[in-house]
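Here the structure comes first, spelled out in structure tokens, and everything after it is commentary.
Nothing in this text is a laboratory measurement; each read-out follows from the coordinates by a stated rule. The shown structure was predicted, so the numbers you read here are calculated from the model rather than taken from an experiment. All Cβ positions, even for glycine, are placed from backbone atoms using ideal geometry, and neighbour counts span all protein chains on display.
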Amino acid sequence: MGKASFSTRKSPQAIGKLFAQAPRALVLAVALSLAACHEPETPNTVTTATTGSDTPASQTDNAEPVAQANAPLVFLTELSERLENGQPVSAFMAPEFTFVYHVDNRCDGNTDGVLDALPASRVDGPFRLEVTNDGDGWACERKPVSKSEITFDLQKMLADWDRFEVYQHEDDPYRGSIEGRGVSDYLVVQLAGEEDELRIDRLEYRSEDPG
């Protein structure tokens, strides 16, 4: 006796007949279910800028130079605020620093002086400085070169400044200037040390005759 054979697969005509007899709501539900089965899966991904690794760009070393470049500017701004308020700034100095003095006068010429290894504490008070004048002013007859000793007091020199504007040099972020008293007088500051331990190792007071 042959075996009975059963099949659950129906012909397209039979399926069409069943759909025609079924309620419309049931037909719609079946159609939506079939469509969902054939819809391609879309992975849940997030696109981020990469730097050759799986770490987001904002968490890589690419962000570090920005913070490092701004550290000297923050330092200079805090220094400027203290100077404007007449506060001590010895804490901003290296244990020993170089001080440079330069004054340009249209009649007297250039007066220059340098002090090396000046203790940090001296910046907040007067100190003696030997200077040389070249006597070569453009508005007067040339005079003989002369040397003298002056007393320099940073706080007194800044007392009549009408502004304190900070500038960071583009070519060297560790070098900046603080400008004041018209367009003639300004400080030049050279920084040294690590980002969180910056100190001034060279301070220049400069006065240029605007004429």
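Tally Lys/Arg at +1 and Asp/Glu at -1 over every other residue whose Cβ is under 11 Å from the Cβ of TYR186; what's the total?
Working: positive: ARG163, ARG181, ARG206; negative: GLU165, GLU179, ASP185, GLU204, GLU208.
Here the count lands on -2.
What FRET efficiency comes out for ALA71 versus ALA159 if R0 is 45 angstrom and r is the Cβ-Cβ distance? Round to the nearest 0.05.
Details: r = 29 Å, r/R0 = 0.65.
Approximately 0.95, to the nearest 0.05.
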DSSP loop (so not H, G, I, E, B), at most 16 other Cβ within 10 Å: list which trypsin sites (Lys or Arg not before Pro) in region 140-200 pass both filters.
ARG142, ARG163, ARG181
How far is it, in nm, from the label point at ALA91 to the one at GLU208 when both lie 7 Å from their Cα along the line to the Cβ?
3.3
Contact order relative to length for region 92-207, counting C-alpha pairs under 8 Å separated by 6 or more residues, stands in percent at 25
For region 124-184, which chymotrypsin sites (Phe, Trp or Tyr not before Pro) are in a loop by DSSP, counting at most 12 other Cβ atoms within 10 Å?
TRP138
Taking the Cα-to-Cβ direction at ASP124 and at VAL183 and moving 7 Å from each Cα, how far apart do the two end points lie in nm?
3.6
